[in-house]
Amino acid sequence: FPVTIHSEYMGVPEDSFLVGMVSANKANGSIHRKAFAENLLAFALFRKENPNSYLYIHSEPSRVYGGFQLSVLMRAVGLPEDAVLFPDPVKLRYGYSTDEMAGIYSSLDVLLHASYGEGFGVPAIEAQACGVRVIGSNWAATPDLLGDDSFLVDGQPFWDEAQASFFMIPLIPSLVNALKQANDNRGFSQVSVDFAKQFDVETVWDNYWTPFLKANLK
């Protein structure tokens with residue numbers, strides 16, 4: 001997909017640094033696997049030195065799905081309302097088209113996708129398919145989903161009693177440093193596009209699923 005200027009989809013200055021999050025705001029009311037608190041705090045700290053930066057959050061901003069009240073979180077970390085953008089609430093519920101999502105991804109300078117842990121992480125592949133670099137967690141599935149042009153952040157182990165396993169909480173300094181690197185490396189990434197091609201549905205089916213099924217369904 002072609003790169004779309006920020007102003008067409010987002011209404012922010014064309015020379016701004018636009019960070020995006022595509023993460024479901026669903027949680028148990030206290031622990032949020034998508035690390036909204038850590039990501040927003042890191043962006044707020046980064047923005048103090050880079051005021052021409054904006055954050056687009058493609059998610060429900062309220063607690064209607066059990067997640068966080070993002071307006072409260074924004075005030076807590078010191079993010080002004082005009083620094084954060086949200087999708088149209090009606091369209092979000094009915095669903096954006098593939099072309100619309102491609103336009104949104106292509107408008108971003110980087111996707112902020114660090115979390116406590118991912119089983120896969122579809123937005124990371126979607127963003128890279130549009131030539132957008134990704135900031136992701138250096139644990140669980142994420143390292144396998146990021147190309148050489150993207151940014152991995154470190155974390156602190158966190159025991160999740162409900163699952164009897166460890167999460168990893170993204171470290172704020174590592175997130176801020178990744179945002180700085182992304183700001184210094186703006187622009188379309190062909191490396192990301194080429195990396196994402198290996199996850200194309202036909203490629204996955206022909207190279208992995210078909211041989212697996214032939215070998216195991218006899």
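General observations
- Just one residue in the set LYS180, LYS197 is over 30 Å from GLY11 (Cβ atoms), in contact (Cβ under 8 Å) with a residue 40 or more places away in the chain and not in a loop (DSSP other than H, G, I, E, B); that residue is LYS197.
- Pair list, Cβ under 6 Å, 6 or more apart: segment 11-30 residue without any contact (Cβ under 8 Å) to a residue 60 or more places away in the chain, other residue surrounded by 16 or more Cβ atoms within 10 Å (Cβ to Cβ): GLU14/HIS6; SER16/TYR54; ASN25/SER59; ASN25/GLU60; ASN25/GLY67; LYS26/GLY67; ALA27/GLY67
- PHE158 being farther than 30 Å from ASN52 by Cα, in contact (Cβ under 8 Å) with a residue 24 or more places away in the chain, of a type outside the set (Gly, Ala, Ser) and in a strand (DSSP E or B): yes
- Selection of helices (runs of 4 or more DSSP H) fully inside segment 1-113 by the criterion of at least 3 residues being of a type in the set (A, V, I, L, M, F, W, C) and surrounded by fewer than 19 Cβ atoms within 10 Å (Cβ to Cβ) returns 70-77.
- Top-ranked residue of segment 60-95 - restricted to ones that are more than 21 Å from ILE31 (Cβ to Cβ) and of a type in the set (A, V, I, L, M, F, W, C), ranked as farthest from the chain's Cα centre (by Cα): VAL90
- Among residues of segment 69-80 that are polar (S, T, N, Q), those with a beta-carbon under 7 Å from a residue that is part of a loop (DSSP other than H, G, I, E, B) at least six positions away or on a different chain give the pairs GLN69/SER62; GLN69/ARG63; SER71/PRO61.
- Top-ranked residue in segment 114-160 [being aromatic (Phe, Trp, Tyr) and either under 20 Å from ILE57 (Cβ atoms) or in contact with a strand residue (DSSP E or B) (Cβ under 8 Å, 6 or more places away or on another chain) (or both); ranked as most open to solvent (accessible area, probe 1.4 Å)]: TRP159
- A count restricted to segment 119-144 and to residues that are farther than 16 Å from TYR105 by Cα, out of contact with any Phe, Trp or Tyr (no Cβ under 7 Å at 6 or more places or on another chain) and not aromatic (Phe, Trp, Tyr) stands at 7.
- Checking GLY67, GLY103, GLY95 one by one, the residue that is closer than 25 Å to ALA162 by Cβ and of a type in the set (Gly, Ala, Ser) is GLY67 and no other.
- Failed item, numbered, when ASP149 is tested on (1) part of a strand (DSSP E or B); (2) touching a residue at least 24 places away in the same chain (Cβ under 8 Å): (1)
- Segment 170-206, residues that are surrounded by fewer than 19 Cβ atoms within 10 Å (Cβ to Cβ), farther than 15 Å from VAL110 by Cα and hydrophobic (A, V, I, L, M, F, W, C): LEU171, ILE172, PHE199, VAL201, VAL204, TRP205
- Of the criteria (1) under 14 Å from the mean Cα position of the chain (by Cα); (2) more than 17 Å from ALA182 (Cβ to Cβ); (3) of a type outside the set (S, T, N, Q); (4) assigned to a helix (DSSP H, G or I), which one PRO123 fails: (2)
- Hits in segment 58-88 - residues which are under 18 Å from VAL19 (Cα atoms) and of a type in the set (D, E, K, R): GLU60, GLU81, ASP82, ASP88
The values are calculated or read from the model by the stated rules, or taken from the named source; none is laboratory data. Remember, it's a predicted structure, so these values are computed and weren't measured experimentally. Heads up, the Cβs are rebuilt from the backbone with ideal geometry, glycines too, and the neighbour counts pull from every protein chain shown. Just the protein is used for accessible areas: all its heavy atoms, side chains included, with ligands, DNA and RNA removed. Shrake-Rupley method; radii C 1.70, N 1.55, O 1.52, S 1.80 Å.
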